[in-house]
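The values are calculated or read from the model by the stated rules, or taken from the named source; none is laboratory data. All values reported here derive from a predicted model rather than from experimental measurement. Cβ placement follows ideal geometry from the backbone for every residue including glycine, while neighbour counts extend to all protein chains displayed. Just the protein is used for accessible areas: all its heavy atoms, side chains included, with ligands, DNA and RNA removed. Shrake-Rupley method; radii C 1.70, N 1.55, O 1.52, S 1.80 Å.
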Amino acid sequence: MNSDDWLRALTAELHQRRVAADAARHVVAEAATHLREGGGNPWVVFGPPQDYANAIVESIGTAPGPRPGPVRLHARGITKRYGRQTVLRDATLTVRAGQIAAVVGANGCGKSTFLRICAGLISPDSGEVTVSGQLGYCPQSGGTADFLLPDEHFVLVGAGQGVARGPARRAGRAAARQLGWEAGGAVQARHLSGGTRQKLNLTMSALSNPDVLLLDEPYQGFDQGTYVNFWDQLRALRDAGTAIVVVTHLLNQLDRVDTVLDLTPAQQSGWRTPGVQGGHP
Amino acid sequence: MNRLVTVAEMTLRELLRRRGVLLLLLLMPLTFYLIRRDAYLGQSVRSLLLGVGWAVSTAALFATTAARELEPRLRLAGYRPHHLYLGRMLGLWTVGLVISVPFFLLPMLDGADLRYGGLAAALLCSVGVAAPFGMLIGALLPRELEGTLLLLTVVTVQMLINPAGSGAKLTPFWSSREIATWSVDHTDGGYLARGVLHGIAVTALLALGVASVATVRLRRRRHLRHLPVG
């Protein structure tokens, strides 16, 4: 990791810890000046970006986080069976405007099923979901058209909302740029790499400015830089008031979310109590 | 209306970019025509019409299967079910009409003595029936292989069944066969009237079938309650 990468990582860490934007810029600029003038390896001079960010937070504190808004998604008592197998039992989740919720659990525990039920794509055996406002959904894979260009995907999604072609294209390209992808090229979706195709998928889901955004492990195939951009973008959406639900199995990301729903069945009692509230206060 | 046209346009774009598929779409009716060319002209024209129907049905089947995962998210993006299935049908009809043009001209260039108005009507019926027929199979059978096999079975039955028998009227492309008879054999107008009526009725029934399946599959689920943003 060179100095630039280190500074970028520090910026992300400060942002994640809700250090006020001006103060974070000032800290990063000072560190950059120090490295430029004094030279040396930032890992030796300042230590790991996480530790340095922690030290900064201890020193200058954090900006108060935006107060969570009204409830945007309320899923209550969701139970789903496939044949004799109960995939979900009494799962409950509440997400407010300006919150990120993570749905975690082992493979096959019903994370994607839960999200599809929240999106209204499949019906549960019991339970109900209440959504306030527009819903956006990004599937784990698929959900794009092989022979269409990215711009045509944006036009297609935009038309659903009554958005004209030009603005839809511009909005799509701008959203893609946030993930480090220039989407204006004439490349059909089938020729995109797995990661870029997921960026297209993710961009499509956020294009209609949804109030509730449901993401089913959307980062598959992302490289490290894109992965960081992805979480930055999620935080930006959260700060703008979007309620976000992310299915994830990457536990190290849980400290970046506000609520956790763990769907892992308990070893002895059958099921762990759902709707564990944890992570980010 | 804009949503409908956008879905139709994207269907058209997708199909036009599948050059291999387009080539096969053209090759299939041509082969059907040529393989019967040395015999009675009526058989050749009827085979041509069946080839067009089969080709468009197959394209419709594959387009429907390919859109299966995309449609639910388009529904969430603001489309109603009828925008999606009618738009796709519109796009497929357009493709069908475009590929019909060379097959309208083919017998003409071949010097066949036909009622060409009848040939046009028969091609219209073939394309009209084929798009919703392929879409319905694609909607009912999610896997392409099963869909293709069913399509093959239906077309084979259509090809082998006695056209004078009452069972023939239950086959989807009977209309174009009747109109082709009027066109090639210069029979009485009853053939044309029966054919046109059958074509319209079957197209309407199949479109209704597609609408029903799509409306059920893309319905708003009862467990999900939408509230306006407070």
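Just one residue in the set A:Thr130, A:Thr86 is over 18 Å from A:Tyr219 (Cα atoms), polar (S, T, N, Q) and facing chain B (nearest Cβ under 10 Å); that residue is A:Thr130. Restricting the first member to region B:17-28 and to residues that are facing another protein chain (nearest Cβ under 10 Å), and the second to residues that are open to solvent by less than 50 Å² (accessible area, probe 1.4 Å) and not in a helix (DSSP H, G or I), the beta-carbon pairs closer than 9 Å and six or more apart or on different chains are B:Arg17/A:Phe147; B:Arg17/A:Leu148; B:Arg17/A:Gln188; B:Arg18/A:Phe147. The residues of region B:9-25 that are farther than 17 Å from A:Leu149 by Cβ and either in contact with a helix residue (DSSP H, G or I) (Cβ under 6 Å, 6 or more places away or on another chain) or open to solvent by less than 10 Å² (accessible area, probe 1.4 Å) (or both) amount to a single one, B:Leu25.
Results for (1) closer than 30 Å to B:Arg19 by Cβ; (2) assigned by TED's automatic domain parsing to the domain that holds A:Gln233; (3) open to solvent by 20 Å² or more (accessible area, probe 1.4 Å), shown as yes or no for each residue.
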residue: A:Thr86; (1), (2), (3): no, yes, yes
residue: A:Leu115; (1), (2), (3): no, yes, no
residue: A:Ser126; (1), (2), (3): no, yes, yes
residue: A:Thr144; (1), (2), (3): yes, yes, no
residue: A:Gln161; (1), (2), (3): no, yes, yes
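Scanning region B:66-101 for residues that are within 14 Å of B:Ser126 (Cβ to Cβ) and more than 14 Å from chain A (Cβ to nearest Cβ) yields a count of 8.
For region A:211-221, a residue qualifies if it is open to solvent by 10 Å² or more (accessible area, probe 1.4 Å) and closer than 27 Å to A:Ala75 by Cβ, and the qualifying residues are A:Asp211, A:Glu217, A:Tyr219, A:Gln220. The lone criterion from (1) crowded, with 16+ Cβ neighbours inside 10 Å; (2) at the interface with chain B (Cβ under 7 Å from one of its Cβ atoms); (3) not hydrophobic (A, V, I, L, M, F, W, C) left unmet by A:Pro150 is number (2).
Here B:Glu144 meets each of (1) under 16 Å from the mean Cα position of the chain (by Cα); (2) closer than 10 Å to B:Leu61 by Cα with one exception, condition (1). In region A:2-25, the residues that are farther than 18 Å from A:Thr226 by Cβ form Cβ pairs under 7 Å with partners that are outside any helix (DSSP H, G or I), at six or more places apart or across chains, as follows: A:Arg17/A:Thr62; A:Arg18/A:Thr62; A:Arg18/A:Ala63; A:Arg18/A:Gly65; A:Val19/A:Thr62; A:Val19/A:Ala63; A:Ala20/A:Ala63. Of the set (1) assigned to a helix (DSSP H, G or I); (2) under 25 Å from A:Arg197 (Cα atoms); (3) among the aromatic types (Phe, Trp, Tyr), all apply to B:Phe32 but (2). May I ask you to say which residue of A:Val27, A:Val104, A:Val57 is closer than 29 Å to A:Ile244 by Cα, buried (at least 18 other Cβ atoms within 10 Å of the Cβ) and either more than 25 Å from the chain's Cα centre (by Cα) or among the aliphatic types (A, V, I, L, M) (or both)? It is A:Val104.
Among the criteria (1) closer than 30 Å to A:Arg18 by Cβ; (2) in a helix (DSSP H, G or I); (3) modelled with pLDDT of 85 or more, the one A:Leu215 does not fulfil is (2). If the condition is being within 13 Å of chain B (Cβ to nearest Cβ) and surrounded by 21 or more Cβ atoms within 10 Å (Cβ to Cβ), then region A:173-207 contributes A:Arg197, A:Leu200, A:Asn201, A:Leu202, A:Thr203, A:Met204, A:Ser205, A:Ala206, A:Leu207. In region B:45-81, the qualifying residues are those that are buried (at least 23 other Cβ atoms within 10 Å of the Cβ) and of a type in the set (S, T, N, Q), and the one that is nearest to A:Gly142 (Cα to Cα) is B:Thr64. Select from region A:30-44 the residues that are assigned to a helix (DSSP H, G or I) and surrounded by fewer than 16 Cβ atoms within 10 Å (Cβ to Cβ) and list them in ascending order. Hits for region A:30-44 are A:Glu30, A:Thr33, A:His34, A:Arg36, A:Glu37, A:Gly38, A:Trp43, A:Val44.
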